[in-house]
Amino acid sequence: MTTAISISTEARHDGLVLGITAETAGNRLVDLGKEQGEFIRQRITEHGAVVLSGFDWQEWPELDTFVNAVVGRPLDYTERSSPRTELHPGVFTATDHPATEEIFLHTEQSYNLNVPRYLFFFCRQESPDGGASLLADCRALHAGLPRETAERFEREGYLLVRNFRPGLGLSWQEAFGTSDPDEVKAYCDANSIELEWLERNHLRTRQLRWAVSTHPETGVRSWFNHLTFFHARTLREDVADFLLEEYGPWGMPTNTFYADGSEIPDEVVRQLQAAYRAQQIDVNVHTGEVLIVDNISVAHGRAPFVPPRDLFVSMAGAHAWSELRPVERTSAPAVALPTSPQ
């Protein structure tokens with residue numbers, strides 16, 4: 001006979017994170033999902049993030065089963081912007097980014113037309129030093145931004161430009177998961193992305209995206225975009241200076257602009273970076289713990305760390321951008337894309 005799992009809860013970081021802890025040893029994560037899936041899902045929405053402690057898990061299929069029980073089937077990782085390794089259907093390594101480098105705060109895949117609602121981070125081994133998960137409340141960030149900064153992006157959206165070249169960032173084959181240019185074109189046509197081949201193996205894409213979402217359950221507005229994360233000036237200063245000198249603003253691996261294609265002033269980018277930092281909290285996810293984030297409400301990132309560190313991620317709960325813009329009900333801003341300079 002299966003007995004109910006006894007848990008305790010504790011609000012942390014002014015309520016942005018809820019800790020859910022097993023009160024006795026030997027409880028399996030998959031059983032928690034079956035018994036308390038709805039409770040966990042409600043708390044994610046209420047707080048923004050949840051940390052599960054004291055629940056046993058071993059194999060990747062267990063993680064898949066747990067995600068299914070809480071929020072439904074895990075999603076694939078499409079239109080990639082960072083390298084990840086798929087370990088099991090729907091279970092990936094966290095971004096394969098150098099341990100010495102911070103990953104700036106961002107909301108996962110907010111540049112896609114369909115975005116994941118939930119992010120699950122499973123910690124198999126915590127770092128001996130560093131590696132905190134960085135979180136920021138994007139609802140508070142949006143509410144606190146100067147209106148003159150936020151309103152233009154809220155009204156018009158922003159332009160994301162990506163360049164795929166051999167040896168510089170992800171290749172187009174990695175990003176789109178195919179080596180067939182016709183398949184890339186079909187994907188871009190279906191996802192409001194303009195593409196152009198500048199050379200045989202140099203692909204440039206341009207896409208207009210919204211910057212502010214409305215939460216599908218709570219109705220709260222949130223700063224939900226890759227505007228700051230993908231901007232050239234969020235790179236390390238020496239790297240940004242070199243790439244801008246070498247390729248120019250439109251030739252960067254990624255860069256963002258106003259919707260009309262004009263450059264965003266550095267002071268505006270610094271203001272946005274500071275707004276994320278003002279909301280940032282550091283959450284140390286320990287070995288065996290699970291961090292779950294409401295991606296619409298809370299941005300995430302990663303502090304530098306000393307290896308080894310093993311973290312797996314699953315994404316679930318797809319929402320079309322048209323669901324997150326209740327007034328327009330459109331997935332992308334209805335503005336003509338600016339001409340791409342050669």
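The values are calculated or read from the model by the stated rules, or taken from the named source; none is laboratory data. Just so we're clear, the structure is a prediction, and the values are computed from it rather than from any experiment. For neighbour counting, all protein chains shown are included, and Cβ atoms are generated from backbone atoms with ideal geometry for every residue, glycine included. With ligands, DNA and RNA removed, areas are computed over all heavy atoms of the protein, side chains included. Shrake-Rupley method; radii C 1.70, N 1.55, O 1.52, S 1.80 Å.
Values as computed for the structure displayed
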{"read-out": "Accessible surface of the range 38-185 [probe 1.4 Å, protein heavy atoms]: carbon and sulfur percent", "value": "48 percent"}
{"read-out": "Efficiency of FRET between T339 and A25 - r from beta-carbon atoms, R0 51 angstrom, step 0.05", "value": "0.20"}
{"read-out": "Angle in degrees between helix 29-47 and the longest Cα principal axis of the chain, rounded to the nearest 10", "value": "50 degrees"}
{"read-out": "Paramagnetic label zone (point 7 Å from Cα along Cα-to-C-beta, A190; backbone N under 17 Å) in the range 51-77", "value": "75-77"}
{"read-out": "For the range 218-342, accessible area per residue (1.4 Å probe, heavy atoms of protein chains only), Å²", "value": "43 Å²"}
{"read-out": "Extension gain from T149 to L168, taking 0.36 nm per residue of separation minus the Cα-Cα distance", "value": "3.7 nm"}
{"read-out": "Mean ellipticity per residue at 222 nm, deg cm²/dmol - from DSSP H runs of n ≥ 4 across the chain, formula -39500 (n - 2.57)", "value": "-8000 deg cm²/dmol"}
{"read-out": "Cα-based helix-to-principal-axis angle, 60-70 vs the chain, degrees rounded to 10", "value": "90 degrees"}
{"read-out": "On Cα atoms only, tilt of 266-279 relative to the major axis of the chain in degrees", "value": "0 degrees"}
